[in-house]
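Down below is the structure, laid out as structure tokens.
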Amino acid sequence: AFSPGLLADNFDRRYGFFAKIRSPCLFFCKVSLSLPGLIQTIDSMILDDKLLDEVTARAKTSERLRMNFNLHDSLDAKAQRLLNALEPGTVLPVHRHPHTDETYVILRGRFDVIFCDEHGRQTQRFALDPLKGVYGIHVPKGQWHTLEVLESGTVLFEVKDGPYAPLAPEDMVR
């Protein structure tokens, strides 16, 4: 079951320049565009400031202060690849992924990844800041974690195994 609350955090790609992009590029990267009753796939996409700015603008107006831009074909894809634009003040509960590792690579901005114990108490903190040469972190499956966004306009590239599975109550610290 897919949570309607999570739908609101996925970038609405029905409008704008995304549907017009096509490339004869031999390096094939599929990106799906969600249209009512239709999935449209494009061959390649440049991940540039224009795209990051658009996803960030959507995050800033989102109630949850974050917005995903999915690069995978579907929620059933074996690899879930996405841009995640986050603003200071977004609340990500302490959680774990019992069946997959997760990797974050920061594209711009700054945020801390916080490892916790099963009670939500901080055990380690890692500052990701590309200006200081710290670009990403690999979070092992089962590791309790959250993050704190430190700069407006923060965007990360996130990868985890699919298919998509919403967090179960036992995988979140309340």
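Using a cut-off of 19 Å between alpha-carbon atoms, which aspartates and glutamates can reach K78, once sequence neighbours fewer than 8 places away in the same chain are excluded? Of all the aspartates and glutamates, those that pass the test against K78 - Cα under 19 Å, at least 8 places apart if same chain - are D43, D101, E102, E158, D161. Distance between the modelled labels on D76 and K141, one decimal in nanometres: 2.1 nm (7 Å Cα→Cβ projection). A Förster radius of 25 Å, combined with the Cβ-Cβ distance separating V173 from E63, puts the computed FRET efficiency at roughly 0.70.
How many percent of Cα pairs in region 111-165 exceed 14 Å? Beyond 14 Å sits 60 percent of the P(r) for region 111-165.
Name the GluC sites (Glu not before Pro) in region 131-174 that are in a loop by DSSP and that have at most 15 other C-beta atoms within 10 Å, would you?
E151
Summing +1 for each Lys or Arg and -1 for each Asp or Glu among the other residues whose beta-carbon sits under 13 angstrom from that of A165 gives -1. Of all aspartates and glutamates in the structure, the ones whose alpha carbon falls short of 18 Å from that of K60, not counting any fewer than 8 places away in one chain, are D9, D12, D49, E87, E148, E151.
Rolling a 1.4 Å probe over the protein heavy atoms leaves F115 with an accessible area of roughly 20 Å².
For region 46-140, trypsin sites (Lys or Arg not before Pro) are listed when DSSP marks them as loop and at most 12 other Cβ atoms sit within 10 Å of their Cβ; the list is K78, R121. Between amide H atoms placed 1.01 Å from N, distances below 5 Å from Q143 occur with H97, all of them 5 or more places distant or on a separate chain. Is the shape of region 61-174 best called rounded, prolate or oblate, per the rule: a/c under 1.5 gives rounded, else a/b larger than b/c gives prolate, else oblate, with a ≥ b ≥ c the square roots of the Cα gyration tensor eigenvalues? Note, shape of region 61-174 comes out rounded.
The values are calculated or read from the model by the stated rules, or taken from the named source; none is laboratory data. This is a predicted model, so every value here is computed, not measured. Using ideal geometry, Cβ is built from the backbone for each residue, glycine included, and neighbour counts are taken over all protein chains shown. When the accessible area is computed, the model is the full protein with side chains, heavy atoms only, and any ligands, DNA or RNA have been set aside. Shrake-Rupley method; radii C 1.70, N 1.55, O 1.52, S 1.80 Å.
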